[in-house]
Amino acid sequence: MGIKDLTEITNRYGGDKDFVLAGGGNTSFKDGEVMFVKPSGTSMADIGPGDFVKMDLPGLKEIMKRQYPEQSAAREAMALEDLMNARVPGESRRPSVETLLHALLPYKYVVHTHPALVNGLTCSVLGPEIAEELFGTEALWVPVVNPGYILARTINDMLEKHRAGGGGDSIIFLQNHGVFIQADTLAAIDAVYDKVVSALTSRLKRFPVRDFTVPSALSEDAVADMVSGDAELKAAGALNADLEAYLQDSESFEPLSLSFTPDHIVYCGFKPLYCEGAEEIADAYREHAATFGAPAKILAVRGAGIFGLGSTARAAELAREVFLDGVKIAVYTESFGGHRFMPRDKIDFIRNWEVEQYRSSVSGG
């Protein structure tokens with residue numbers, strides 16, 4: 001038990017792309033008055049025992065007693081400063097944005113992931129009802145809430161009421177985000193995850209296509225040339241049977257036309273660019289950037305495929321990888337009443353939030 005076990009379970013879930021992609025997800029372990037938590041933007045798959053940020057638990061809990069401004073930017077800036085000040089002396093790394101929430105959960109281990117299967121539920125129309133049907137009061141469902149301090153505050157208040165009514169707290173579903181699983185042993189963490197995956201799998205009407213090929217009708221180099229202006233861009237393409245169906249026309253593409261979770265905003269942009277053909281790409285790309293204040297990170301072309309775009313090959317590949325996760329989510333939502341995107345105001349919050357910009361820069365997005 002301890003840092004060795006925390007590293008093991010973090011690497012295991014982080015190395016499984018069914019649970020975590022890029023710099024998403026986080027874990028923690030509590031040892032007396034110290035909590036070890038994953039740094040912001042760091043890959044769970046690669047983290048080592050000495051990489052976790054040591055936090056002062058009493059200091060973190062004091063943050064929840066403080067009063068912050070109602071204005072979101074001022075509130076989150078002050079809460080972030082207090083979070084950084086709650087690090088154990090000598091710590092210089094930036095802790096996960098969900099550190100406060102980890103501190104509030106009364107278990108030794110917390111493993112937070114973003115599985116496409118789970119997000120098929122959390123990003124669906126009937127998610128709350130099906131979660132209650134499958135898990136009863138064992139799980140808590142949290143509606144869409146802006147991340148950071150306000151999320152920790154909201155969940156803290158909801159958990160108090162949930163527990164008072166006899167509810168459990170080992171499973172917390174975050175709408176349009178992911179799941180928190182917490183327990184005092186690794187075996188218990190695994191058992192709860194197995195239960196969640198098994199229950200959701202039993203309700204599936206169909207499974208997403210897992211593999212993809214690089215598009216042949218339109219090359220990655222050709223796409224990169226079409227969208228590159230003063231700065232050279234890279235493109236990483238993908239095509240499979242699911243994408244072929246979604247790319248038939250703009251109506252078919254609607255289930256992929258906006259963001260499901262914060263990860264999708266951070267790594268592949270809040271809104272992909274859909275084009276009917278290659279001849280539209282250059283003008284549409286410029287128009288998208290002018291309209292939304294940022295260039296598209298995903299280009300979808302009917303009959304060709306989707307392309308992740310970025311200033312480096314790694315950034316383009318990350319955009320592709322996370323968008324393909326969104327495709328899986330869209331397929332899974334068909335089994336849970338249909339898809340439900342993040343509300344536009346929550347999307348705008350993430351787009352402008354300094355913490356997520358930092359996470360993207362650290363993880364190469």
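The values are calculated or read from the model by the stated rules, or taken from the named source; none is laboratory data. Keep in mind it's a predicted model, so treat the numbers as computed, not measured. Neighbour counts run over all protein chains shown; Cβ positions are idealised from the backbone, glycine included.
Residue 266 meets the stated requirement of being aliphatic (A, V, I, L, M) and in contact with an Asp or Glu (Cβ under 6 Å, 6 or more places away or on another chain). With the condition kept exactly as written, say whether any residue in the range 47-70 is under 17 Å from the mean Cα position of the chain (by Cα), β-branched (Val, Ile, Thr) and either within 29 Å of residue 267 (Cβ to Cβ) or outside any helix (DSSP H, G or I) (or both). No, the range 47-70 contains no residue that is under 17 Å from the mean Cα position of the chain (by Cα), β-branched (Val, Ile, Thr) and either within 29 Å of residue 267 (Cβ to Cβ) or outside any helix (DSSP H, G or I) (or both).
Return the pairs, sorted by first residue and then second, in which the second residue is aliphatic (A, V, I, L, M) and assigned to a loop (DSSP other than H, G, I, E, B), the first residue lies in the range 5-28 and is surrounded by fewer than 24 Cβ atoms within 10 Å (Cβ to Cβ), the beta carbons are less than 8 Å apart, and the residues are 6+ apart or on different chains. Partner pairs satisfying both residue conditions: 7/47; 11/44; 11/45; 11/47; 13/20; 13/44; 15/44; 15/45. If you go through the range 333-345 and keep only what is hydroxyl-bearing (Ser, Thr, Tyr) and at pLDDT below 95, you end up with nothing. Scanning the range 28-42 finds one or more residues that are assigned by TED's automatic domain parsing to the domain that holds residue 108, of a type in the set (Val, Ile, Thr) and under 21 Å from the mean Cα position of the chain (by Cα). Inspection of the range 314-332 identifies no residue that is at pLDDT below 95, among the acidic types (Asp, Glu), under 22 Å from residue 119 (Cβ atoms) and surrounded by 14 or more Cβ atoms within 10 Å (Cβ to Cβ).
Just to be sure, is residue 17 in a loop (DSSP other than H, G, I, E, B), basic (Lys, Arg), in contact with a helix residue (DSSP H, G or I) (Cβ under 9 Å, 6 or more places away or on another chain) and farther than 21 Å from residue 147 by Cα? Yes; evaluated as a whole, the condition is true for this residue.
Of the residues 273, 174, 243, 233, the single one that is without any contact (Cβ under 8 Å) to a residue 40 or more places away in the chain, aliphatic (A, V, I, L, M) and either in contact with a Leu (Cβ under 8 Å, 6 or more places away or on another chain) or surrounded by 21 or more Cβ atoms within 10 Å (Cβ to Cβ) (or both) is 273.
Applying the criterion of being in contact with a Leu (Cβ under 9 Å, 6 or more places away or on another chain) and among the aliphatic types (A, V, I, L, M) to the residues of the range 16-46, the residue that is farthest from residue 186 (Cα to Cα) is 22. Residues satisfying the criterion are absent from the range 281-291 (criterion: surrounded by 16 or more Cβ atoms within 10 Å (Cβ to Cβ) and either at positive phi or touching an Asp or Glu at 6+ places or on another chain (Cβ under 9 Å) (or both)).
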